[in-house]
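K.L.:
Before I ask anything, let me first share the structure, which is written out below as structure tokens.
The values are calculated or read from the model by the stated rules, or taken from the named source; none is laboratory data. These numbers were taken from a predicted model, which means no experiment stands behind them. These area figures cover heavy atoms from the full protein model, side chains too; ligands, DNA and RNA do not enter into them. Shrake-Rupley method; radii C 1.70, N 1.55, O 1.52, S 1.80 Å.
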Amino acid sequence: MSAARFSARFYVAAGIVAAVLLFGLVAPLVFRTHQVGDVVGGLYDHPSAHAWLGTDNLGHDVFTNLMYGTRTSLLIGLVAGAIATLLGVAVGTLAGYRGGAVEEGLMGFTNVILAIPSIVVLVLISIALGTRSTLTLAVVLAVTSWPWTARAVRAQASSVRTREHLDVARLSGAGTFSLICYDVVPYMLSYICMAFVLQVSGAVLNEAALSMLGLGPSGGVSLGIMLHWALAWESVRTGAWWAFVPPTLLLTLLAFALLMLQSSLDELFNPRLRRHARRRRTARPAALPLPVERPVPEGAAE
Amino acid sequence: MSTEPTGRTTPADDGSASAAADAGDALVVGEHLTRVFGRGDAAVRAVDDVSFALRRGEITTVVGESGSGKSTLARMLLKLLPVTSGRLVFDGADVTDRTDTTAYWRQVQAVFQDPFSAFNQFFTVRRLLARSRRLLGAELTEARMVEALEQVGLAAGDVLGRYPHQLSGGQRQRVMIARALLMRPSLLIADEATSMLDASLRATILNVLTDLRDRAGLTILFITHDIGQACYVSDQVLVLSRGRLVESGPAERVIFDPRHDYTRKLLADVPRLHDTG
Amino acid sequence: MSDTAPAAPLVRARGLRAAYRSQRGSDVVAVDDVSLELSGGQVLGIAGESGSGKSTLAAVLSLTARPPLSVLGGELTIDGEQLDLSGGRRPPRTWRGSVVSLLPQGAMNSLSATTRVGDLAVDVVRAHRGRVRRADALDLLTDRLDALDLPRRVVDSYPHQLSGGMRQRVVTVLSTLLDPKLLIADEPTSALDVSTQRALTELLRELLHRGLVGGIVFVTHDLPVLRAVADRIAIMYAGQLVEVGDTAGLIDDPRHPYTAALLASVLVPEPQIRTRRVGGIAGAPPDLAAPPTGCRFHPRCSLATDVCAEQSPPLLGTIGAGYSTCWWRAEHPDEPLEARL
């Protein structure tokens, strides 16, 4: 396979995600006029040259909060997404590869976790933890969101399991661990990549929801915490739009871009979903009812 | 690549469908081998009471249509699938319930149908071959890899560093045979190993198998749905239909003088290139 | 119609060219200047190895070429109606299904699992003839099944309730329901066991015999199957036809070295193959992104001379009657090839 063709959607989505990443990671190093926690004005000062996006209820600069808040949200999203993907892939692969009783046991456990409303668990765990660092919050988010990945990965793994190269590897004497690591997981990488993107977007949104409820990471600022304070100090009623519109926009943009990234990756990895293929399917009834396979250049398939 | 008759021995015709354990020089003997999938009403007897003997240094071909149970039989012989009932004897020892598969796989190796999906696409040929380290230990040397590749007519320098998509279909299947030969097995099972290759390549792969038999005395179990290929390579032919062994015997006898109705029907349906009168 | 021949062929294709647009922007020409003719009531077999472009030719002839495959040029005349394929023009919708129909590769596995065969037939008929009463469409199907000695029960069956061979025959009946003038069958027998293979080829001959299809182009890699079903055979190599001729003549006395080599590598259960070592063909088919100069088969040909590498071989014969394209043959018109290999 030569260089894959990316769609315009992919570039737009990747561009937005990259911009948000840059904003969260690089911007705090560039715009150093204010520090987090500096009181630079009064209650809900209007945007000005001094404070580009005005000030919040404590007189902190909203733009500075936005930079550091994005950083925290991204950090939680990436860490939680990574842990959740790791757990989900481990459980799903083991279940799909082993099959039988192992599969039933693991999937039963996964379904039980799925059946518990995650927000309730989040609230309970968050309360139980007392002080919550950014990292603990990420772990809590990961622990409640891995089952979706596990279920999807299990289906993939059990289809990879039937490929001939596993039998060949067995006959070469490869052990179970080696089979899973080298013969099963690499075949699901594209899928795992998409699952990770979904998990990140889920974790960013869940963090925002928890923080809005006042259960966010203690002693810091995140997009959700900004919204929490904006709501608590009645910025909506007083018309201080700069306190809640920027974090809302950033969250929406990030979640939207991540979902779009995931779906354009899906399109890339599953050529059947590509645009012209879809057009073909809708056009079919006018021609033959039999799905006409698009001929692949013979030999190119090798 | 020229026209030269292959030295072929024509063993005595034993004729019976249970061409079995009496063969003194048999490497593998299967007695009443049966494999059932599922339970109760849904049970399917994929292989049903099949008895046979694979003689040393011969190519035995299992011929059957899709669903005849030929691949299930191969997987049982490879110990990739447990036997439901019956007995499997390898080199004089009962291996039906043997769990020590590592030692077994040094003796019995296989090549499969699809020369692409049999490869892990992320591995080079070198890495594919090096995976046998767990079976071979220190015996696995570069020289041994080169030798195995040479046996199938490949130059090690050309292929060792390549990924499967950089090889042609014929090269891929040769590499797969080389991987099996690396273990220096006494039995090679070729499960539809040539079905997905073009006719022009098929013959060259089959020639690799006949050469291994003639020069190295390798015992080969060749599995195919194509009677033409069976006719070209086999010493002995087993005809499988719906899990049952319907006819077995020397290739010449089974193919040119079939006794079972099923074999006759099968042969009658095979399209020919020339009128056979 | 400038054709002055007494009986115009049913299908006449000239200069077909089609290419796959590769991801690096260059074109892989998989069908390069192919011309052929097919008389009414006949089966033309097209044989070749994988990578020869035979499936691409099937897509071009059946007007089903889709991106990344694009038709670069050529002219197709079916039963007097002419179609210019150049410049990416879309074929008229009315042609597909009723003038030309495709029996695609692996069609037996592509039937919608949740639709009964009868409903599929209704869809087919309605797609081409507008609002047709359901009962009329089903009548058409049952009449067809009766005529071809296939069981009526399939009308109410779901695909999974039929055996593989029966599914393939049902797909064949569905794709010929509108009496197409030309049926393109792309590897229709490859996934079938020999007995069902035979049933399918008999069905195709029956369709021709009853005039339900005008002519058939049968694409396969399997020469023995073609011997059983085809009246004429065209051998394809690296995107071009290298030999076309009557089935018996082509098999008994091949004119092109590639045809001879292909025939020599066929393994059939005949006594002589047990005593002969079959060599196969050395080398591999060329990369169509950069095909060899001159005769495309010359790197693998044991009879090749310098001229073969330099100049395209002459066309010996006529497109209508049969031909081969070979420099060696031009100099040795009557020598049998079998002895030379």
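K.L.:
First obtain the Kirkwood hydrodynamic radius of region C:273-340 from its Cα pairs, then insert it into the Stokes-Einstein equation at 25 °C and 0.890 mPa s, and state the resulting D in µm² per second as a whole number.
P.N.:
178 µm²/s
K.L.:
Using the heavy atoms of the protein chains alone and a 1.4 angstrom probe, what is the accessible area of region B:97-141 per residue in square angstrom?
P.N.:
Here the residues of region B:97-141 average 45 Å² of exposed surface.
K.L.:
Top to bottom by accessible area (1.4 Å), largest first, where do A:THR136, A:THR131, C:THR259 land?
P.N.:
Most to least solvent-accessible, the answer reads A:THR131, A:THR136, C:THR259.
K.L.:
Mind jotting down the distance between the C-alpha centroids of region C:290-341 and region B:32-90, whole Å?
P.N.:
When both Cα centres are located, 49 Å separates them.
K.L.:
Just need log10 I(q)/I(0) for region B:136-190 at q = 0.16 Å⁻¹, Debye formula, equal scatterers on the alpha-carbon atoms, no solvent, rounded to two decimals.
P.N.:
The calculated log intensity ratios at q = 0.16 Å⁻¹ are -0.46.
K.L.:
Per DSSP helix of 4 or more residues, -39500 (n - 2.57); summed, then divided by the residues of chain A. What does that give at 222 nm, rounded to the nearest 500?
P.N.:
-21500 deg cm²/dmol
K.L.:
May I have the convex hull volume per residue, in Å³, for the Cα set of region A:69-138?
P.N.:
Looking at region A:69-138, the number lands at 91 Å³ per residue.
K.L.:
Interface B/A, total buried accessible area with a 1.4 Å probe, nearest 100 Å²?
P.N.:
About 2000 Å² of accessible surface is lost on pairing.
K.L.:
Give the accessible surface of region A:169-258 per residue, rounded to a whole number of Å², with probe radius 1.4 Å and ligands, DNA and RNA excluded.
P.N.:
40 Å²
K.L.:
So what J values fall out for region C:308-325 if you push phi through Karplus, 6.51 cos²θ - 1.76 cosθ + 1.60 with θ = phi - 60°, rounded to Hz, Gly and Pro as x?
P.N.:
4, 7, 9, 10, 4, x, x, 8, 9, x, 10, 4, x, 8, x, 7, 9, 10
K.L.:
C:PHE297 accessible area, nearest 10 Å², 1.4 Å probe?
P.N.:
Spelled out: C:PHE297, probe radius 1.4 Å, area about 10 Å².
K.L.:
Next question. From the Cα gyration tensor of region B:197-239, with a ≥ b ≥ c the square roots of its eigenvalues, which class applies: rounded if a/c is under 1.5, or else prolate if a/b is larger than b/c, or else oblate?
P.N.:
Cα axes put region B:197-239 in the oblate bin.
K.L.:
Right, something else. Just the ratio, please: alpha-carbon radius of gyration of region B:38-78 over 2.2 N^0.38 Å, N its number of residues.
P.N.:
Dividing the Cα radius of gyration by 2.2 N^0.38 Å gives 1.39.
K.L.:
Which of rounded, prolate, oblate describes chain C, given a ≥ b ≥ c as roots of the alpha-carbon gyration tensor eigenvalues and a/c under 1.5 marking rounded, otherwise prolate only if a/b is larger than b/c?
P.N.:
prolate
K.L.:
Turning to a different aspect of this structure: With the Cα gyration tensor of region B:227-277 in hand, give its eigenvalues times 5 under a square root as the equivalent ellipsoid semi-axes, listed largest first in whole angstrom.
P.N.:
18, 13, 10
K.L.:
Can I ask one more? Determine how large the accessible area of A:ILE127 is when every protein chain is in place; take a 1.4 Å probe and give Å² rounded to the nearest 10.
P.N.:
Rounded to the nearest 10, the figure is 100 Å².
K.L.:
Ok, one more. How big is the antiparallel share of DSSP beta bridges in the protein assembly as shown, given as a percent to the nearest 5?
P.N.:
Rounded to the nearest five, the antiparallel share is 60 percent.
K.L.:
Also: Could you state the orientation-averaged shadow area of the convex hull built on the Cα atoms of region C:67-158, in nm² to one decimal?
P.N.:
Dividing the Cα hull surface by four gives the mean projection, 8.0 nm².
K.L.:
OK, next. Rolling a 1.4 angstrom probe over the protein chains, ignoring ligands and nucleic acids, what is the accessible area of A:HIS60 in square angstrom, nearest 10?
P.N.:
Here the residue's solvent-accessible area equals roughly 30 Å².
K.L.:
Got a sec? What order do B:CYS231, A:CYS193 fall in by accessible area at 1.4 Å, biggest, i.e. largest, first?
P.N.:
Sorted descending by solvent-accessible area, the residues read A:CYS193, B:CYS231.
K.L.:
Can you put C:ASP193, C:ASP123 in order of accessible area, largest first, using a 1.4 Å probe?
P.N.:
C:ASP123, C:ASP193
K.L.:
Then there is this: Enter the mean projected area of the convex hull around the alpha-carbon atoms of region B:165-225, in nm², rounded to one decimal.
P.N.:
About 4.2 nm², averaged over all directions.
K.L.:
Under a cut-off of 22 Å between alpha-carbon atoms, report the lysines in cross-link reach of B:LYS70, not counting same-chain residues fewer than 8 places apart.
P.N.:
B:LYS79, B:LYS265
K.L.:
Ratio to report: Rg/Rh of chain B, with Cα atoms as the point set and Rh obtained by the Kirkwood method; give two decimals.
P.N.:
When Rh is taken as the Kirkwood radius, the ratio is 0.96.
K.L.:
Principal axis extents for region A:149-219, Cα atoms only, whole Å, descending order, please.
P.N.:
Principal-axis extents of the Cα atoms in region A:149-219, largest first: 57, 21, 16 Å.
K.L.:
May I pose another question? Using bins 5 angstrom wide from zero, how does P(r) for region C:197-303 break down, in % of all Cα pairs?
P.N.:
With a bin width of 5 Å, the distribution comes to 2, 10, 18, 20, 18, 15, 9, 6, 2, 0.
K.L.:
Same structure, new question: Inverting the mean 1/r over all pairs of different Cα atoms, compute the Kirkwood radius of region C:115-191 and quote it in Å.
P.N.:
When all Cα pairs of region C:115-191 are included, the Kirkwood radius is 12.9 Å.
K.L.:
For the A and C pair, go ahead and give the buried accessible area with a 1.4 Å probe, both sides summed, in Å² to 100.
P.N.:
2100 Å²
K.L.:
Filter the DSSP H helices in chain A by two things, a Kyte-Doolittle mean of at least 1.0 and an axial alpha-carbon span of 30 angstrom or more, and list the hits by number.
P.N.:
A:62-98, A:189-212, A:241-269
K.L.:
I need the fraction of alpha carbon pairs in chain A separated by more than 34 Å, rounded to a whole percent.
P.N.:
So the pairs more than 34 Å apart make up 37 percent of the total in chain A.
K.L.:
To continue, here is another question. For region C:219-272, what are Rg and Dmax over the alpha carbons, in angstrom?
P.N.:
Computed over the Cα atoms of region C:219-272, radius of gyration and Dmax are 10.7, 34 Å.
K.L.:
Turning to a different aspect of this structure: Mean shadow of region B:185-256, computed from the convex hull of its alpha carbons, in nm²?
P.N.:
5.2 nm²
K.L.:
While we're on this one: Report Rg/Rh for region A:76-202, rounded to two decimals, where Rg is the Cα radius of gyration and Rh the Kirkwood radius.
P.N.:
1.05
K.L.:
I'd like the carbon and sulfur percentage of the solvent accessible area for the protein assembly as shown, probe radius 1.4 Å, heavy atoms only, ligands and nucleic acids excluded.
P.N.:
55 percent
K.L.:
For q = 0.05, 0.07 Å⁻¹, what log10 I(q)/I(0) does the protein assembly as shown give under the Debye formula with an equal point scatterer on each alpha carbon and no solvent?
P.N.:
Treating every Cα as an identical point scatterer, log10 I(q)/I(0) equals -0.39, -0.72.
K.L.:
Still on this structure: Give the Rg/Rh ratio for region B:80-174, taking Rg as the radius of gyration of the Cα atoms and Rh as the Kirkwood radius, to two decimals.
P.N.:
Result: Rg/Rh = 1.03.
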